[in-house]
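Have a look at the structure below, then the notes.
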Amino acid sequence: MRRLLALLLAAALGCAAFTGCQSAQAAQGSPDKLIVAYMPNEETTEIVDAKNGFAKQLSQELGIEVVELSVNDYNAAIEAMRTGQADMAFMGALSFCIAYERADAIPLAMLAEDGDKSQATYTSLLVARADNDEINSIQDVKGKSIAFADPNSTSANLIPSAEIMKAFEDENLTMEDLHTNGAFFETSIYSGSDLAGLLAVDMGDVDLAAVGDMSLQRTIDSGEVAEDALKVVHVSAPIPSSCMAIRSDYPQELREKIEAFLLSYDDPVYFKNVMDGENKRFVPCTVEDYEGIIALNKKLNPTE
(Lines give C-alpha, C1' and ligand atoms only; values in the text may rest on other atoms or scores of the structure.)
Protein backbone atom coordinates (compact mmCIF):
# COMPACT_ATOMS: atom_id res chain seq x y z
CA MET A 1 0.00 0.00 0.00
CA ARG A 2 2.84 2.33 0.95
CA ARG A 3 4.61 1.49 -2.28
CA LEU A 4 1.43 2.30 -4.29
CA LEU A 5 1.07 5.65 -2.50
CA ALA A 6 4.72 6.43 -3.21
CA LEU A 7 4.26 5.62 -6.89
CA LEU A 8 1.14 7.79 -7.08
CA LEU A 9 2.95 10.66 -5.36
CA ALA A 10 5.90 10.35 -7.73
CA ALA A 11 3.56 10.35 -10.72
CA ALA A 12 1.76 13.42 -9.40
CA LEU A 13 5.04 15.24 -8.83
CA GLY A 14 6.18 14.26 -12.32
CA CYS A 15 2.95 15.54 -13.82
CA ALA A 16 3.30 18.78 -11.88
CA ALA A 17 6.87 19.14 -13.08
CA PHE A 18 5.76 18.53 -16.68
CA THR A 19 2.96 21.09 -16.29
CA GLY A 20 5.45 23.50 -14.79
CA CYS A 21 7.76 23.01 -17.75
CA GLN A 22 4.87 23.63 -20.12
CA SER A 23 3.92 26.79 -18.23
CA ALA A 24 7.49 28.01 -18.22
CA GLN A 25 7.75 27.28 -21.93
CA ALA A 26 4.54 29.19 -22.59
CA ALA A 27 5.78 32.07 -20.45
CA GLN A 28 9.00 32.18 -22.46
CA GLY A 29 6.93 32.27 -25.64
CA SER A 30 7.39 29.01 -27.51
CA PRO A 31 4.11 28.42 -29.38
CA ASP A 32 3.84 25.33 -31.55
CA LYS A 33 1.27 26.87 -33.89
CA LEU A 34 -0.09 30.11 -35.31
CA ILE A 35 -3.89 30.37 -35.50
CA VAL A 36 -5.13 32.76 -38.18
CA ALA A 37 -8.72 34.05 -38.33
CA TYR A 38 -10.25 35.48 -41.48
CA MET A 39 -13.35 37.64 -41.75
CA PRO A 40 -16.41 35.72 -43.00
CA ASN A 41 -16.69 35.22 -46.74
CA GLU A 42 -17.90 32.67 -49.26
CA GLU A 43 -15.62 29.64 -48.90
CA THR A 44 -15.25 28.54 -52.51
CA THR A 45 -12.74 25.88 -53.51
CA GLU A 46 -10.49 28.59 -54.95
CA ILE A 47 -10.53 30.58 -51.70
CA VAL A 48 -9.86 27.51 -49.55
CA ASP A 49 -6.98 26.40 -51.78
CA ALA A 50 -5.44 29.88 -51.73
CA LYS A 51 -5.65 30.12 -47.94
CA ASN A 52 -4.16 26.64 -47.58
CA GLY A 53 -1.27 27.58 -49.86
CA PHE A 54 -0.62 30.71 -47.80
CA ALA A 55 -0.71 28.71 -44.54
CA LYS A 56 1.64 26.04 -45.88
CA GLN A 57 4.27 28.55 -47.00
CA LEU A 58 4.03 30.54 -43.77
CA SER A 59 4.33 27.32 -41.76
CA GLN A 60 7.53 26.43 -43.61
CA GLU A 61 8.91 29.90 -42.93
CA LEU A 62 8.12 29.81 -39.20
CA GLY A 63 8.79 26.13 -38.55
CA ILE A 64 5.44 25.76 -36.74
CA GLU A 65 1.93 24.73 -37.75
CA VAL A 66 -0.33 27.45 -39.22
CA VAL A 67 -4.04 26.83 -38.71
CA GLU A 68 -6.99 28.75 -40.13
CA LEU A 69 -9.88 29.61 -37.80
CA SER A 70 -13.29 30.15 -39.40
CA VAL A 71 -15.39 32.82 -37.69
CA ASN A 72 -19.00 33.81 -38.24
CA ASP A 73 -18.69 37.57 -37.90
CA TYR A 74 -16.36 40.44 -37.12
CA ASN A 75 -16.91 40.33 -33.37
CA ALA A 76 -16.06 36.63 -33.27
CA ALA A 77 -12.61 37.36 -34.72
CA ILE A 78 -12.04 40.13 -32.19
CA GLU A 79 -13.12 37.89 -29.31
CA ALA A 80 -10.98 35.03 -30.60
CA MET A 81 -7.93 37.28 -30.38
CA ARG A 82 -8.94 38.64 -26.97
CA THR A 83 -9.37 35.15 -25.50
CA GLY A 84 -6.28 33.67 -27.14
CA GLN A 85 -8.21 31.40 -29.51
CA ALA A 86 -6.63 33.21 -32.47
CA ASP A 87 -3.16 34.71 -32.74
CA MET A 88 -3.57 36.65 -35.97
CA ALA A 89 -6.54 37.89 -37.98
CA PHE A 90 -7.26 39.63 -41.25
CA MET A 91 -9.41 42.60 -40.25
CA GLY A 92 -11.09 45.68 -41.61
CA ALA A 93 -10.07 49.02 -40.16
CA LEU A 94 -12.81 49.24 -37.53
CA SER A 95 -12.44 45.62 -36.46
CA PHE A 96 -8.72 46.19 -36.02
CA CYS A 97 -9.29 49.35 -34.00
CA ILE A 98 -11.61 47.47 -31.63
CA ALA A 99 -9.15 44.56 -31.41
CA TYR A 100 -6.38 47.08 -30.69
CA GLU A 101 -8.30 48.35 -27.68
CA ARG A 102 -9.86 45.10 -26.45
CA ALA A 103 -7.25 42.50 -27.35
CA ASP A 104 -3.97 44.45 -27.52
CA ALA A 105 -3.70 43.65 -31.22
CA ILE A 106 -1.09 45.35 -33.38
CA PRO A 107 -1.04 45.65 -37.19
CA LEU A 108 1.62 43.85 -39.21
CA ALA A 109 0.77 44.77 -42.80
CA MET A 110 -2.10 46.34 -44.75
CA LEU A 111 -3.42 45.75 -48.26
CA ALA A 112 -2.53 48.12 -51.09
CA GLU A 113 -3.12 48.07 -54.83
CA ASP A 114 0.15 47.28 -56.67
CA GLY A 115 1.94 47.25 -53.31
CA ASP A 116 1.78 51.06 -53.27
CA LYS A 117 1.19 52.44 -49.76
CA SER A 118 -0.50 55.51 -51.24
CA GLN A 119 -3.18 53.14 -52.59
CA ALA A 120 -3.81 51.37 -49.28
CA THR A 121 -7.41 52.59 -49.23
CA TYR A 122 -10.90 51.69 -50.38
CA THR A 123 -14.33 53.33 -50.20
CA SER A 124 -17.78 52.82 -48.75
CA LEU A 125 -20.77 52.91 -51.08
CA LEU A 126 -24.48 53.48 -50.70
CA VAL A 127 -26.18 51.34 -53.33
CA ALA A 128 -29.79 51.37 -54.57
CA ARG A 129 -31.69 49.62 -57.36
CA ALA A 130 -31.02 51.22 -60.71
CA ASP A 131 -34.75 51.68 -61.31
CA ASN A 132 -35.34 53.46 -57.98
CA ASP A 133 -35.98 57.03 -59.14
CA GLU A 134 -36.50 58.30 -55.58
CA ILE A 135 -32.89 57.79 -54.50
CA ASN A 136 -30.11 59.43 -56.50
CA SER A 137 -27.85 60.86 -53.80
CA ILE A 138 -27.20 60.69 -50.07
CA GLN A 139 -29.64 63.59 -49.65
CA ASP A 140 -32.47 61.24 -50.69
CA VAL A 141 -32.01 58.50 -48.09
CA LYS A 142 -34.14 59.81 -45.23
CA GLY A 143 -37.29 57.77 -44.62
CA LYS A 144 -36.07 54.88 -46.76
CA SER A 145 -35.05 51.35 -45.71
CA ILE A 146 -31.38 50.38 -45.43
CA ALA A 147 -29.20 47.36 -44.81
CA PHE A 148 -25.95 47.88 -42.95
CA ALA A 149 -23.79 44.75 -42.84
CA ASP A 150 -22.39 44.35 -39.34
CA PRO A 151 -21.95 46.59 -36.27
CA ASN A 152 -18.16 46.19 -36.52
CA SER A 153 -17.92 46.81 -40.26
CA THR A 154 -15.98 49.88 -41.36
CA SER A 155 -17.37 50.39 -44.85
CA ALA A 156 -20.80 48.92 -44.20
CA ASN A 157 -21.62 50.63 -40.91
CA LEU A 158 -19.21 53.12 -39.30
CA ILE A 159 -18.27 55.18 -42.37
CA PRO A 160 -21.70 55.31 -44.07
CA SER A 161 -23.25 56.25 -40.72
CA ALA A 162 -20.75 59.10 -40.38
CA GLU A 163 -21.40 60.21 -43.96
CA ILE A 164 -25.18 60.28 -43.39
CA MET A 165 -24.74 62.24 -40.16
CA LYS A 166 -22.62 64.76 -42.05
CA ALA A 167 -25.15 65.05 -44.88
CA PHE A 168 -27.93 65.71 -42.36
CA GLU A 169 -25.85 67.72 -39.91
CA ASP A 170 -28.75 69.92 -38.76
CA GLU A 171 -30.59 66.88 -37.42
CA ASN A 172 -27.83 65.99 -34.90
CA LEU A 173 -28.19 62.29 -35.63
CA THR A 174 -26.70 59.55 -33.47
CA MET A 175 -25.82 55.94 -34.23
CA GLU A 176 -28.93 54.92 -32.32
CA ASP A 177 -31.06 57.14 -34.56
CA LEU A 178 -29.67 55.50 -37.69
CA HIS A 179 -30.20 51.98 -36.35
CA THR A 180 -33.66 52.38 -34.83
CA ASN A 181 -36.63 51.72 -37.09
CA GLY A 182 -38.64 54.87 -37.68
CA ALA A 183 -36.14 57.30 -36.13
CA PHE A 184 -34.46 58.37 -39.40
CA PHE A 185 -34.86 55.41 -41.72
CA GLU A 186 -38.20 53.68 -42.10
CA THR A 187 -36.33 50.41 -41.54
CA SER A 188 -32.70 49.82 -40.59
CA ILE A 189 -31.26 46.29 -40.42
CA TYR A 190 -27.97 44.42 -40.17
CA SER A 191 -27.85 42.00 -43.08
CA GLY A 192 -24.83 40.05 -41.82
CA SER A 193 -22.67 40.68 -44.89
CA ASP A 194 -22.19 43.06 -47.81
CA LEU A 195 -23.42 40.38 -50.20
CA ALA A 196 -26.63 39.84 -48.25
CA GLY A 197 -27.27 43.60 -48.27
CA LEU A 198 -26.76 43.85 -52.02
CA LEU A 199 -29.05 40.88 -52.65
CA ALA A 200 -31.69 42.49 -50.41
CA VAL A 201 -31.55 45.65 -52.55
CA ASP A 202 -31.68 43.67 -55.77
CA MET A 203 -34.75 41.75 -54.56
CA GLY A 204 -36.47 44.93 -53.40
CA ASP A 205 -36.44 43.99 -49.70
CA VAL A 206 -34.65 47.25 -48.80
CA ASP A 207 -34.03 50.50 -50.67
CA LEU A 208 -30.34 50.85 -49.83
CA ALA A 209 -27.29 48.87 -48.81
CA ALA A 210 -24.06 50.16 -47.33
CA VAL A 211 -21.11 48.14 -48.69
CA GLY A 212 -17.42 48.26 -49.49
CA ASP A 213 -16.51 49.03 -53.09
CA MET A 214 -14.86 45.66 -53.69
CA SER A 215 -17.93 43.84 -52.39
CA LEU A 216 -20.06 45.42 -55.09
CA GLN A 217 -17.55 44.57 -57.79
CA ARG A 218 -17.17 41.00 -56.52
CA THR A 219 -20.96 40.52 -56.49
CA ILE A 220 -21.24 41.74 -60.09
CA ASP A 221 -18.25 39.68 -61.25
CA SER A 222 -19.73 36.54 -59.71
CA GLY A 223 -23.00 37.06 -61.59
CA GLU A 224 -25.07 37.15 -58.41
CA VAL A 225 -26.36 40.59 -59.36
CA ALA A 226 -26.53 42.01 -62.90
CA GLU A 227 -24.21 44.96 -63.51
CA ASP A 228 -27.07 47.22 -64.60
CA ALA A 229 -29.40 46.21 -61.74
CA LEU A 230 -27.85 48.49 -59.12
CA LYS A 231 -26.53 52.04 -58.93
CA VAL A 232 -24.14 53.81 -56.58
CA VAL A 233 -25.72 56.88 -55.01
CA HIS A 234 -22.86 57.87 -52.72
CA VAL A 235 -19.11 57.24 -52.45
CA SER A 236 -17.23 57.96 -49.23
CA ALA A 237 -13.82 59.50 -48.71
CA PRO A 238 -10.93 56.98 -48.74
CA ILE A 239 -10.77 54.49 -45.86
CA PRO A 240 -7.55 52.82 -44.65
CA SER A 241 -7.50 49.29 -45.99
CA SER A 242 -7.74 46.03 -44.10
CA CYS A 243 -4.73 44.61 -42.29
CA MET A 244 -3.24 41.48 -40.82
CA ALA A 245 -3.16 42.04 -37.07
CA ILE A 246 -1.51 39.93 -34.39
CA ARG A 247 -1.67 39.71 -30.61
CA SER A 248 1.03 41.90 -29.12
CA ASP A 249 2.03 39.15 -26.67
CA TYR A 250 2.91 36.75 -29.49
CA PRO A 251 6.69 36.19 -29.43
CA GLN A 252 8.49 39.12 -31.06
CA GLU A 253 10.89 36.95 -33.07
CA LEU A 254 7.97 35.15 -34.70
CA ARG A 255 6.07 38.42 -35.20
CA GLU A 256 9.03 39.81 -37.10
CA LYS A 257 9.25 36.69 -39.27
CA ILE A 258 5.52 36.85 -40.01
CA GLU A 259 5.73 40.53 -40.94
CA ALA A 260 8.67 39.88 -43.27
CA PHE A 261 6.75 36.99 -44.87
CA LEU A 262 3.65 39.11 -45.44
CA LEU A 263 5.59 41.99 -46.99
CA SER A 264 7.33 39.63 -49.41
CA TYR A 265 4.36 37.38 -50.19
CA ASP A 266 3.72 37.58 -53.93
CA ASP A 267 1.14 34.97 -54.90
CA PRO A 268 -1.41 36.64 -57.24
CA VAL A 269 -3.80 33.68 -56.85
CA TYR A 270 -4.02 34.28 -53.10
CA PHE A 271 -4.61 38.00 -53.49
CA LYS A 272 -7.17 37.47 -56.25
CA ASN A 273 -9.23 34.83 -54.45
CA VAL A 274 -8.84 35.89 -50.82
CA MET A 275 -8.15 39.63 -51.04
CA ASP A 276 -10.30 40.56 -54.06
CA GLY A 277 -7.48 41.73 -56.30
CA GLU A 278 -4.58 39.91 -57.92
CA ASN A 279 -2.56 43.16 -58.01
CA LYS A 280 -2.93 43.79 -54.29
CA ARG A 281 0.00 43.20 -51.95
CA PHE A 282 0.81 43.75 -48.28
CA VAL A 283 2.64 46.95 -47.33
CA PRO A 284 4.01 48.17 -43.98
CA CYS A 285 1.63 49.84 -41.54
CA THR A 286 1.38 51.03 -37.96
CA VAL A 287 -1.39 51.97 -35.55
CA GLU A 288 -1.01 55.56 -36.78
CA ASP A 289 -2.54 54.53 -40.11
CA TYR A 290 -5.79 53.81 -38.25
CA GLU A 291 -5.89 56.74 -35.83
CA GLY A 292 -8.67 58.44 -37.80
CA ILE A 293 -10.89 55.36 -37.52
CA ILE A 294 -10.08 54.97 -33.81
CA ALA A 295 -11.11 58.60 -33.20
CA LEU A 296 -14.26 58.31 -35.32
CA ASN A 297 -15.35 55.14 -33.52
CA LYS A 298 -14.87 56.77 -30.12
CA LYS A 299 -16.93 59.74 -31.27
CA LEU A 300 -19.83 57.74 -32.70
CA ASN A 301 -19.68 54.80 -30.27
CA PRO A 302 -18.46 56.36 -27.00
CA THR A 303 -19.13 53.20 -24.99
CA GLU A 304 -16.81 51.05 -27.15
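The values are calculated or read from the model by the stated rules, or taken from the named source; none is laboratory data. Just so we're clear, the structure is a prediction, and the values are computed from it rather than from any experiment. Here the Cβ positions follow ideal geometry from the backbone for every residue, glycine too, while neighbour counts run over all protein chains shown. Areas reflect the complete protein model, heavy atoms only, side chains present, ligands, DNA and RNA absent. Shrake-Rupley method; radii C 1.70, N 1.55, O 1.52, S 1.80 Å.
At-a-glance table
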{"quantity": "Cα lying deepest toward the dipole's positive end in the chain, options ALA162, SER124, MET91, charges on Cβ", "calculated": "MET91"}
{"quantity": "Antiparallel bridges, percent of DSSP beta bridges restricted to the chain (to nearest 5)", "calculated": "65 percent"}
{"quantity": "Nearest-20 debye value, the chain charge dipole, Cβ charges on Lys, Arg, Asp, Glu", "calculated": "1660 debye"}
{"quantity": "Amide H within-cut-off set for THR187, under 5 Å, with H built and near neighbours excluded", "calculated": "SER145, ILE146, GLY182"}
{"quantity": "Surface/4 estimate of mean projected area, convex hull on alpha-carbon atoms of the chain, nm²", "calculated": "19.8 nm²"}
{"quantity": "Spin-label model distance (nm) - GLU169 vs TYR265, 7 Å beyond Cα toward Cβ", "calculated": "4.2 nm"}
{"quantity": "At R0 = 22 Å, FRET efficiency that the Cβ-Cβ distance of ASN181 and ASN72 yields, to 0.05", "calculated": "0.35"}
{"quantity": "All-pairs alpha carbon distance profile, segment 118-259, 10 Å steps from 0, percent", "calculated": "12, 40, 28, 12, 7, 1"}
{"quantity": "Close Lys-Lys pairs in the chain, where close means Cα under 14 Å and separation is 8 or more or interchain", "calculated": "7"}
{"quantity": "Charge context of ALA229, other residues only, Cβ under 13 angstrom, K/R +1, D/E -1", "calculated": "-3"}
{"quantity": "Nonlocal amide H pairs with THR121, under 5 Å, H built at 1.01 Å", "calculated": "GLU113, SER241"}
{"quantity": "Angstrom value of the Kirkwood radius, inverse mean 1/r, which spans all Cα pairs in segment 117-162", "calculated": "12.2 Å"}
{"quantity": "Length-normalised contact order for segment 27-169 - Cα pairs under 8 Å, 6+ apart - percent", "calculated": "21 percent"}
{"quantity": "Gaussian network model of the chain, Cα within-10 Å springs - most flexible of LYS166, LYS117, LYS51", "calculated": "LYS166"}
{"quantity": "Span-like helix ranges in the chain, DSSP H, alpha carbon extent 27 angstrom or more, Kyte mean at least 0.0", "calculated": "2-28"}
{"quantity": "Förster-model FRET efficiency, 35 Å R0, GLU227 and GLU61, C-beta, rounded to 0.05", "calculated": "0.30"}
{"quantity": "Label-point gap, in nm, between LYS33 and ASN136 - each point 7 angstrom along Cα→Cβ", "calculated": "5.7 nm"}
{"quantity": "Listed residues LEU173, LEU262, LEU158, most fluctuating in the chain (Gaussian network, C-alpha, under 10 Å)", "calculated": "LEU173"}
{"quantity": "For segment 216-243 versus segment 103-139, the gap between their alpha-carbon centres in whole angstrom", "calculated": "8 Å"}
{"quantity": "Percent carbon-and-sulfur accessible area, the chain, ignoring ligands, DNA and RNA, probe 1.4 Å", "calculated": "49 percent"}
{"quantity": "Ranked order, MET81, MET39, MET203 - accessible area, probe 1.4 Å, largest first", "calculated": "MET203, MET39, MET81"}
{"quantity": "Max mean-square fluctuation residue, GNM over the chain, Cα-Cα springs under 10 Å, options ASP32, ASP73, ASP266", "calculated": "ASP32"}
{"quantity": "Global geometry of segment 208-299, whether rounded, prolate or oblate, following the gyration tensor of its Cα atoms and the 1.5 cut on a/c", "calculated": "oblate"}
{"quantity": "5 angstrom amide H check on ILE35, placed H, neighbours 5+ away", "calculated": "VAL67, ASP87, MET88"}
{"quantity": "Gain in span if fully extended, SER118 to ASP205, counting 0.36 nm per residue against the direct Cα distance", "calculated": "27.5 nm"}
